[in-house]
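Trainee: Here you go, one structure.
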Amino acid sequence: MPTLRRSKRSNNSGNEMPRPIRTPDVFLVPEILEAILLGLDMHTLLISARQALFYVPIDTDSTGTRRKSRKNPLVVDRIWFEFIFTGLSSRVRHGAWYCPHIASDEKERAYLRPEASWRRMLLQQPPTSIVRFWDPECLWGPYWHNLPKDQMVKTGAEWTPEEDYHRMENVAFEIDTGAISAGPLPFLCWADALALRKVMRKSKRHKQLRRDHTLKRYLRKFDLTINTECPEFWPGVWIENHPVPIRDFRQWCDTEDVKLLIADPR
């Protein structure tokens, strides 16, 4: 019987992205699909169901095929706008000044339950562990702040909390620490809350986000995209009685779970 034990990430290179592959048309015929499902054993059915619900990662190397990535629809339709991209009553989210407040304290308590199922959800299937850095003003080098002169600019990061693929609880945690701030599009965050505020205050810039072709490609292909338009000076932030440690984006980049990438992950 399969368990909900954490799945270790595959040994695939973090820079290799899966090429799109189309689902065979035969599976669109209900009678054929039903016959196939009836012939499967319970173990396979349970694993497939958990993969479909974005809990168990689909490892492309274990199937021998490359799959088209699919974003978690629950995150797109509900979780992002109901909880991630909101201000909360129980804690201060650095960068949530122009986000809508969560609908109710009852909903907030439900999302904050330690056993809430959304916490273990993957952002997409198959997961990549890649966080793409994006700065529309500097596409050739989206992150270079405070790097030694002999180092090249950073284009992204491989993020593997506890040697696992990053999940929604990891994203929410870093938003609460202040390392990143949730943006107005699912799977899009900001390294600097002040830069996000400029976008939220101007409807024109908000509309430009939705039309940006490079950003669309990043959001479609990578687990998470972070706008890295960063200040030269990072002010210290201290929040009394905050439930999690406070840190900025640079400090997140220095954690052992994050490996900065020099080559373009494409």
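None of the figures in this text is laboratory data; all of them are computed from the coordinates on show. Source: prediction; values computed, not measured. Quick reminder, even Gly has a Cβ in these numbers, built from the backbone with ideal geometry, and neighbours come from all protein chains shown.
Trainee: Residue separation times 0.36 nm, minus the C-alpha to C-alpha distance between K204 and R109: what's the value? Provide the component values of the computation, followed by the final result.
Mentor: Details: separation 95, 0.36 × 95 = 34.20 nm, distance 3.45 nm.
Gain on stretching K204 to R109: 30.8 nm.
Trainee: While we're on this one: By counting other Cβ atoms within 10 Å of each Cβ, how are S104, S69 ranked from fewest to most? List each step's numbers first, then the result.
Mentor: Working: S104 10, S69 19.
Neighbour counts put them in this order, fewest first: S104, S69.
Trainee: For the pair Y98 and D212, what calculated FRET efficiency results from E = 1/(1 + (r/R0)^6), where r is the Cβ-Cβ distance and R0 = 25 Å, to the nearest 0.05? Before the final figure, lay out each step's value.
Mentor: On the way: r = 19 Å, r/R0 = 0.77.
The calculated FRET efficiency here is 0.80.
Trainee: On full extension of the chain, what length is gained from L74 through S89, given 0.36 nm per residue of separation minus the C-alpha to C-alpha distance?
Mentor: Numbers: separation 15, 0.36 × 15 = 5.40 nm, distance 2.30 nm.
Stretched fully, the L74-S89 segment lengthens by 3.1 nm.
Trainee: Could you list which residues have their amide H under 5 Å from that of L261, counting only those 5 or more apart in sequence or on another chain, with H placed in the peptide plane?
Mentor: T155, G156, A157, E158
Trainee: For I239 paired with E162, estimate the spin-label separation in nm (one decimal), with each label point 7 Å from Cα along the Cα-to-Cβ line.
Mentor: Placing both labels 7 Å beyond Cα along the Cβ direction yields 2.3 nm.
Trainee: Treating only the Cβ of Lys, Arg, Asp and Glu as charged (+1, +1, -1, -1), what charge dipole size does the range 69-260 show about its Cα centre? Round to the nearest 20 debye. Walk me through the numbers before you get to the answer.
Mentor: Details: 30 positive and 26 negative charges, 234 e Å.
Here the range 69-260 has a charge dipole of around 1120 debye.
Trainee: Let me ask something else. Under a 5 Å amide H to amide H cut-off, with H placed in plane at 1.01 Å, what residues pair with D223 once short-range neighbours are removed?
Mentor: When sequence neighbours closer than 5 places are left aside, the close amide H contacts are T128, S129, I130.
Trainee: Kirkwood Rh, the range 69-260, all Cα pairs: how many Å? Walk me through the numbers on the way to the answer.
Mentor: Numbers: mean 1/r = 0.0588 Å⁻¹.
Result for the range 69-260, one decimal place: 17.0 Å.
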